[in-house]
């Protein structure tokens with residue numbers, strides 16, 4: 001009877017798409033999970049493990065029998081194993097690698113050697129390469145044999161005797177060719193490849209530009225070492241978007257919803273406290289103008305307006321440049337051109353704001369024209385400067401080969417706040433005698 | 001001689017990948033472009049036109065001979081034509097549709113009828129559907145005939161006699177099957193489809209979750225009307241990321257680098273001016289406490305610190321929720337749970353900041369303990385409130401089926417600024433007698 005129940009479970013469960021198996025599995029408690037390990041082979045469980053988030057993987061790995069785990073790792077895609085092991089301590093990593101099959105462990109080690117964020121680190125090793133001298137029938141036979149293990153079979157990369165990339169044949173080309181046709185007749189030799197150390201964002205832009213389903217990864221000597229598939233690229237794009245947004249909201253690496261309040265506070269408070277120290281600097285700057293403030297108390301009412309406007313325009317420029325760099329659309333334009341444009345944009349926005357304020361303030365503040373003049377002039381100057389800073393800083397950081405998003409919104413905002421307030425109080429102080 | 005030059009140009013140019021043809025073409029001046037139209041057939045030029053940005057398309061369309069243009073539109077993918085026509089005025093649209101082949105124009109009209117942002121609006125009509133009674137050999141024959149026109153051939157959707165979706169066969173399954181096998185033997189009937197009105201972000205999440213290369217789009221009666229391919233999905237993800245970032249930086253729809261300074265200012269200044277009006281409200285709020293400020297001028301020095309800290313923590317919470325909603329990871333958690341977590345996180349960050357400030361201010365400001373108390377208490381209360389507001393507002397907006405990102409960073413920041421300053425000055429005013 002129990003055997004029959006197991007059969008029923010296996011039939012129903014294995015018919016599900018792996019992504020749905022993962023969803024179902026993550027809702028089970030420990031006792032039920034233990035039964036899943038019992039009912040499924042390590043090979044079958046590998047597909048579930050691959051789909052789990054890293055924190056869950058760590059927990060589950062502890063529950064697994066050592067041999068079961070080793071067999072599971074052997075049956076996972078090498079890049080998924082490498083991603084998981086990258087999160088563990090060194091001694092655990094070597095223990096797992098030792099327990100795995102030599103060949104599989106070797107693939108994993110090679111992948112782990114790549115720096116994070118490169119094509120090598122996101123590529124898969126399970127791909128099918130063929131020879132130019134094969135016939136279409138040979139390749140179809142190979143696909144029948146090895147197809148199920150490969151991550152994609154839609155592009156078949158052709159290599160020469162030294163394993164160097166010679167061309168590509170799509171499954172589309174293959175299927176419409178006669179079976180006795182040699183591959184060399186249908187090969188496309190204009191194959192776009194990426195170097196193993198290419199930045200993952202660049203790989204994503206390339207695959208997106210050409211609408212590829214995969215791209216081959218080669219060494220400096222054009223040796224084929226792996227492929228990056230379109231689903232890896234989607235993950236990269238999501239990851240970069242989350243990262244960019246994190247930078248803009250001072251929450252780098254802290255937008256995860258699956259952590260406790262304490263963990264979230266631990267990750268997020270350093271940013272807030274760091275930015276608060278900048279706030280202390282701003283307080284110091286304002287403190288320097290205490291005399292001016294004592295003379296014209298109403299000046300302090302416009303501190304938020306000056307700060308926010310300078311901050312917002314700077315962030316706009318930053319967003320334009322960061323998105324432009326991420327999508328590659330900025331490189332087509334000259335850098336000088338974009339700076340000149342931002343300067344022009346800043347002056348025009350500044351002028352528009354100054355006109356509005358100079359009209360409104362005398363009405364709202366008993367005809368105080370000098371206050372209107374101070375605020376209006378300050379807004380024009382500070383918006384002009386803050387667009388230029390918002391655009392220049394990420395460009396410089398990018399030139400230095402760093403991620404432009406580290407010039408994150410809040411930091412540029414703080415710089416622009418301080419400059420804006422300096423302009424504001426300097427103008428006010430020098431005009432104090434007329435008030 | 002001239003004919004020979006044309007042949008040479010055609011050979012070299014057409015050998016390029018369409019994406020590279022687009023790059024090359026966009027660098028040409030009007031005279032050279034005119035020669036391209038002459039040398040390439042409308043069918044060949046269609047691939048270039050598809051790859052251009054909308055503004056360039058509009059310019060180029062004016063340069064083309066009417067018949068040439070109509071023939072080009074006939075040879076473009078219907079979804080690309082629909083995207084382009086969606087940017088034109090109605091009279092121009094109907095003129096172009098009238099000039100096109102009836103069948104092609106019909107496809108375009110159907111696509112244009114869908115609301116922007118739905119599966120129907122991003123799907124392609126050029127897909128291959130097959131019958132369950134076909135044999136593998138029949139399908140391969142069909143692919144030889146129709147393959148070049150279809151956007152993807154890697155998934156073949158099986159429909160019944162009423163054009164209802166019955167299953168899917170991947171090219172991978174097809175190639176490893178025997179040629180006389182009927183499709184019904186290799187069909188997978190557990191096919192995941194999306195409704196034509198499904199939100200594009202949901203389609204993207206689905207394709208990403210299952211690592212699909214395409215998803216079929218069906219009507220309410222399960223009739224197959226189109227497919228969404230993975231490259232469309234990448235564009236959607238990029239678009240949504242740009243949109244989210246735009247919201248966070250008060251530059252919705254204005255992160256384009258390819259516009260003049262004046263156009264950029266025209267698009268961006270309304271945000272800045274709108275936010276400046278909020279700044280006027282803040283100024284009004286501070287103005288209410290003029291007496292308190294006159295008594296303790298140094299209070300104004302901490303206005304930026306209170307504002308920035310409240311703004312930054314609120315934006316963090318906003319980023320967590322917006323990202324969580326976009327990637328779907330929030331739905332797995334309860335909404336109440338995430339609010340409780342954000343409240344806890346806010347209190348902890350607030351407490352940490354309060355402790356730092358209460359320690360630092362007496363040192364920096366001549367042992368002014370009451371100032372330290374006012375600033376410390378205010379920061380604790382305002383950070384607690386701003387995390388809750390930052391998390392609640394996008395959740396409410398999402399419940400109302402609006403895009404959560406319209407609760408954009410700057411707006412939530414402004415609300416939190418005003419609340420933070422109200423708390424600050426209220427505490428200061430009520431403690432005024434002790435200072």
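The values are calculated or read from the model by the stated rules, or taken from the named source; none is laboratory data. What you see is a predicted model, and the numbers here were worked out from it, not measured in a lab. Because the Cβ atoms are built from the backbone with ideal geometry, glycine has one as well, and the counts that use them run over all protein chains shown.
Is it the case that the range A:343-350 has a residue that's within 7 Å of another protein chain (Cβ to nearest Cβ), crowded, with 18+ Cβ neighbours inside 10 Å and under 26 Å from residue B:239 (Cβ atoms)? The answer is yes, given that some residue of the range A:343-350 is within 7 Å of another protein chain (Cβ to nearest Cβ), crowded, with 18+ Cβ neighbours inside 10 Å and under 26 Å from residue B:239 (Cβ atoms).
Do we find that residue A:232 is in a helix (DSSP H, G or I), touching a strand residue (DSSP E or B) at 6+ places or on another chain (Cβ under 8 Å), surrounded by 20 or more Cβ atoms within 10 Å (Cβ to Cβ) and at pLDDT below 90 in this structure? It is true that residue A:232 is in a helix (DSSP H, G or I), touching a strand residue (DSSP E or B) at 6+ places or on another chain (Cβ under 8 Å), surrounded by 20 or more Cβ atoms within 10 Å (Cβ to Cβ) and at pLDDT below 90.
Going residue by residue through the range B:361-384, is there one that turns out to be surrounded by fewer than 24 Cβ atoms within 10 Å (Cβ to Cβ) and either in contact with a strand residue (DSSP E or B) (Cβ under 9 Å, 6 or more places away or on another chain) or within 8 Å of chain A (Cβ to nearest Cβ) (or both)? Yes, the conditions are met somewhere in the range B:361-384.
Rundown of residues vs (1) under 25 Å from the mean Cα position of the chain (by Cα); (2) within 25 Å of residue B:199 (Cβ to Cβ); (3) at pLDDT below 90, yes/no style:
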| residue | (1), (2), (3) |
| --- | --- |
| B:55 | yes, no, yes |
| B:85 | yes, yes, no |
| B:89 | yes, no, yes |
| B:102 | no, no, no |
| B:110 | yes, yes, no |
| B:145 | no, no, yes |
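Listed by position, the helices (runs of 4 or more DSSP H) contained in the range A:320-432 that have at least 3 residues being more than 33 Å from the chain's Cα centre (by Cα) are A:335-364, A:369-399, A:409-431.
It is to be established whether one or more residues within the range B:215-226 are under 23 Å from residue B:54 (Cβ atoms), at pLDDT 90 or above and either crowded, with 19+ Cβ neighbours inside 10 Å or in contact with a helix residue (DSSP H, G or I) (Cβ under 6 Å, 6 or more places away or on another chain) (or both).
Within the range B:215-226 (the criterion being under 23 Å from residue B:54 (Cβ atoms), at pLDDT 90 or above and either crowded, with 19+ Cβ neighbours inside 10 Å or in contact with a helix residue (DSSP H, G or I) (Cβ under 6 Å, 6 or more places away or on another chain) (or both)), the answer is yes, since at least one residue qualifies.
Filtering A:29, A:79, A:83, A:101 for residues that are touching a strand residue (DSSP E or B) at 6+ places or on another chain (Cβ under 6 Å) and assigned by TED's automatic domain parsing to the domain that holds residue A:7 leaves a single hit, A:79. Among the conditions (1) farther than 25 Å from residue B:236 by Cβ; (2) surrounded by fewer than 17 Cβ atoms within 10 Å (Cβ to Cβ); (3) more than 13 Å from chain B (Cβ to nearest Cβ), residue A:202 misses just one, which is (1).
Checked against the criterion of being more than 8 Å from chain A (Cβ to nearest Cβ), surrounded by fewer than 15 Cβ atoms within 10 Å (Cβ to Cβ) and modelled with pLDDT of 90 or more, the range B:351-359 contains one or more residues that satisfy it.
Do any helices (runs of 4 or more DSSP H) lying entirely in the range A:84-178 carry at least 2 residues that are surrounded by fewer than 16 Cβ atoms within 10 Å (Cβ to Cβ), and which ones are they?
A:90-99, A:102-112, A:136-146
State whether one or more residues within the range A:330-341 are crowded, with 24+ Cβ neighbours inside 10 Å, within 30 Å of residue A:357 (Cα to Cα), at pLDDT 80 or above and more than 7 Å from chain B (Cβ to nearest Cβ). Looking through the range A:330-341, none of the residues is crowded, with 24+ Cβ neighbours inside 10 Å, within 30 Å of residue A:357 (Cα to Cα), at pLDDT 80 or above and more than 7 Å from chain B (Cβ to nearest Cβ). The residues of the range A:17-54 that are within 12 Å of chain B (Cβ to nearest Cβ) and out of contact with any helix residue (DSSP H, G or I) (no Cβ under 7 Å at 6 or more places or on another chain), listed by number, are A:20, A:23, A:27, A:53. For residues in the range A:278-299 being over 43 Å from the mean Cα position of the chain (by Cα), within 8 Å of chain B (Cβ to nearest Cβ) and crowded, with 19+ Cβ neighbours inside 10 Å, which is nearest to residue B:293 (Cα to Cα)? So the residue we want is A:297. Scan the range B:279-299 and give yes if some residue there is outside the structural domain of residue B:204 (by TED's automatic domain parsing), modelled with pLDDT of 90 or more and within 30 Å of residue A:241 (Cβ to Cβ), otherwise no. Within the range B:279-299, none of the residues are outside the structural domain of residue B:204 (by TED's automatic domain parsing), modelled with pLDDT of 90 or more and within 30 Å of residue A:241 (Cβ to Cβ). If I filter the range B:16-43 down to residues being within 33 Å of the chain's Cα centre (by Cα) and assigned to a loop (DSSP other than H, G, I, E, B), which single residue comes out as surrounded by the most Cβ atoms within 10 Å (Cβ to Cβ)? Out of the qualifying residues, it is B:17. Yes or no: residue A:311 under 26 Å from residue A:429 (Cβ atoms) and more than 7 Å from chain B (Cβ to nearest Cβ)? Here the answer is yes, as residue A:311 does meet what is asked. The set of residues from the range A:183-194 being surrounded by fewer than 16 Cβ atoms within 10 Å (Cβ to Cβ) and touching a helix residue (DSSP H, G or I) at 6+ places or on another chain (Cβ under 8 Å) comprises A:188, A:192.
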